[in-house]
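Engineer: This structure is in structure tokens; I'll ask about it shortly.
Please treat every number below as a calculation from the coordinates, not as lab data. Source: prediction; values computed, not measured. When we count neighbours, we look across all protein chains shown, and the Cβ atoms used for this are built from the backbone with ideal geometry, even at glycine.
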Amino acid sequence: MKTQIQHVITDNQKQRDNLPLGILGALLGVLLGIILWVVIGQIGFIAGIAGYAIVFCSMKGYEILGKGLSKRGIVICVILSFLAVIVAEVASLGLTAFVELGPDAIYYLPELLQEPELVGIIVKDLAVGYALSIWASYSFIKNIWKQAGQKSDPYSPENF
């Protein structure tokens, strides 16, 4: 009987995730996705695959460092991914400005961001980026949400 109780306790501990380490893992995963977004952006594309990569890498990072992925972790990863798209777009814009204007581009960015034409381009890129990211990631997030709700079968990319 004692071994059964220990087994249940061990199973419950495996299903709990470590929030601080999970968030760190999600942030590292998001960083990888941001790099992919910037690289694809420099080629001249806005791709749903980069948005999907941000979501997937954040969840995988959360799972690896957090030792699991709960529904709470999924929500955190989705929020971080949403914010990461903005960061990725700004980083892509900064890199483009650096390439076009040289090392002093950082000083020109506040002025450039006051131009309505540039702001329109950024808003359009963000709208398209979010639309493609949601389209590419929706099924993945939905399936992981279902898996996280099942106590006997915790989320794992291998189960997906």
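Engineer: What is the stretch 16-151 by shape, rounded, prolate or oblate, if you read a ≥ b ≥ c off the alpha carbon gyration tensor as root eigenvalues and call it rounded for a/c under 1.5, prolate for a/b larger than b/c, and oblate otherwise?
Structural biologist: Here the stretch 16-151 falls in the prolate category.
Engineer: Arrange the peptides 100-106, 49-55 so that the one whose residues have, on average, the most other Cβ atoms within 10 Å appears first.
Structural biologist: In decreasing order of mean packing, 100-106, 49-55 become 49-55, 100-106.
Engineer: Ranked from highest to lowest mean number of other Cβ atoms within 10 Å per residue, what is the order of the peptides 139-147, 58-66, 127-135, 112-120?
Structural biologist: Going from most to least packed, we get 58-66, 127-135, 139-147, 112-120.
Engineer: Note down the nm distance, to one decimal, between modelled labels 7 Å out along Cα→Cβ at A131 and at L27.
Structural biologist: 3.3
Engineer: Quick check: net charge around Y108, other residues with Cβ under 13 Å of its Cβ, Lys/Arg +1 and Asp/Glu -1?
Structural biologist: -4
Engineer: Also, I was wondering about something else. Would you tally the net charge around G44, using a Cβ to Cβ cut-off of less than 15 Å, leaving G44 out, and scoring K and R as +1, D and E as -1?
Structural biologist: So the surrounding residues net to -2.
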